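Okay, structure first, notes after.
The values are calculated or read from the model by the stated rules, or taken from the named source; none is laboratory data. From a predicted model like this one, the values you see are computed outputs, not experimental measurements. Neighbour counts run over all protein chains shown; Cβ positions are idealised from the backbone, glycine included. Please note that ligands, DNA and RNA were not included when accessible areas were found on the heavy atoms of the full protein model with its side chains. Shrake-Rupley method; radii C 1.70, N 1.55, O 1.52, S 1.80 Å.
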Amino acid sequence: MSTTLPADTHTHTALCHHAEGRPLDYARTAKARGLQEICITDHVPAPGGYDASSRMDADEFPHYLDWVGEAVNAFPGFVKLGIEADYHPGCEDYLPAFLEKTPFELVMGSVHFIGDWGFDNPATLPRWEKADISAVWDDYLALVKKLVDMKCFDALSHFDLPKKFGHRLPEAIMLNKVRPVLDLIAASGMAMELNTGGLRKPVKEIYPSLSILTLMRERNIPILFGSDAHAPNEVGCDFERAVALAKQAGYTSYVRFSKRKAISESLP
């Protein structure tokens with residue numbers, strides 16, 4: 001099958017304890033669906049017990065490298081080794097050194113916690129009932145700014161993740177909050193992800209929204225595509241819709257990564 005869809009740059013494995021399958025399974029699906037390539041980006045191990053139930057342990061990381069290597073050997077030039085690395089206070093003490101030790105093709109940056117609250121975890125959903133939605137967004141975006149300031153990441157994952165369960169702000173207020181953050185991202189040279197996983201969540205919307213994506217285009221922020229697949233059958237899921245959304249926002253190109261350098265491609 002000829003390539004018709006962009007690279008999928010955000011996929012997981014059974015090692016993160018909340019997904020299934022090995023990279024080889026994901027790669028086979030990507031190849032069958034005509035994707036340009038696939039990057040495996042499971043959650044980075046973290047010391048101190050940070051979010052331990054949702055990521056591999058440090059002693060599992062060699063298995064991760066072996067698993068990705070198996071897929072690379074089966075599909076040379078098609079499978080890339082990546083990682084999704086959380087920003088959280090304290091990661092500055094270990095993350096830069098960890099990322100430098102391994103020849104990742106792509107490092108995706110993300111924020112999943114505000115303090116001790118895994119705000120996108122369904123198990124903590126009751127905390128939203130008492131939350132000040134505007135304050136949550138402020139706290140989240142402040143952490144995103146710190147992520148960008150670290151200069152350790154190539155791209156930002158699921159930018160408007162706090163909307164996952166439908167907790168939105170009026171659009172004008174939301175856009176006012178995100179503009180200065182997008183300015184910072186644009187100045188950093190980072191790319192941002194169109195993540196189709198949101199279509200499979202209660203919000204039923206790609207991350208980020210069209211209005212945010214349009215602001216990104218105005219700032220010439222590069223985009224890449226991710227399914228956030230947690231099972232092989234989710235690889236490349238809804239990429240046609242994501243490509244259409246990118247075009248609606250005015251994009252004509254996207255990027256993929258090789259040796260942590262962005263490579264521009266025309267949208268299909």
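Annotations
- Solvent-accessible surface of the stretch 31-130, taken per residue with a 1.4 Å probe and all protein chains present: 44 Å².
- Surface listing: Glu265, Glu70 arranged by accessible area from highest to lowest gives Glu70, Glu265, probe 1.4 Å.
- Assigned charges on the beta-carbon of Lys, Arg, Asp, Glu; the chain dipole about Cα centre (debye): 820 debye
- At an R0 of 35 angstrom, the distance between the Cβ atoms of Ser264 and Ala74 translates into a FRET efficiency of 0.80.
- Formal net charge of residues neighbouring Glu92 (Cβ-Cβ distance under 15 Å; K, R +1; D, E -1): -1
- In the distance distribution for the stretch 106-262, Cα-Cα pairs more than 25 Å apart total 25 percent.
- Secondary-structure-derived ellipticity at 222 nm for the chain, considering helices only, amounts to -10000 deg cm²/dmol, per-run term -39500 (n - 2.57) for DSSP H runs with n ≥ 4.
- Cβ charges +1 (Lys, Arg) and -1 (Asp, Glu), total dipole of the stretch 204-268, debye: 340 debye
- Most mobile of Glu60, Glu234, Glu84 in a GNM of the chain (Cα contacts under 10 Å): Glu60
- Carbon plus sulfur fraction of accessible area for the chain, probe 1.4 Å, in percent: 52 percent
- Using only alpha carbons, the stretch 74-149 has a radius of gyration to Kirkwood radius ratio (Rg to Rh) of 1.09.
- Given +1 at the Cβ of Lys and Arg, -1 at the Cβ of Asp and Glu and no other charges, the dipole of the stretch 1-108 around its Cα centre is 520 debye to the nearest 20.
- With all protein chains modelled, accessible area of Phe61 [1.4 Å, Å²]: 20 Å²
- Equivalent-ellipsoid semi-axes of the chain, from the Cα gyration tensor, Å, largest first: 26, 22, 17
- Computed on protein heavy atoms with a 1.4 Å probe, the accessible areas place Ile223, Ile133 in the order Ile133, Ile223, largest first.
- Sorting His88, His230 by accessible area puts them as His230, His88; the probe is 1.4 Å, largest comes first, and only protein heavy atoms count.
- Dipole axis of the chain (+1 Lys, Arg; -1 Asp, Glu on Cβ), positive-most option in Val203, Leu24, Ile83: Val203
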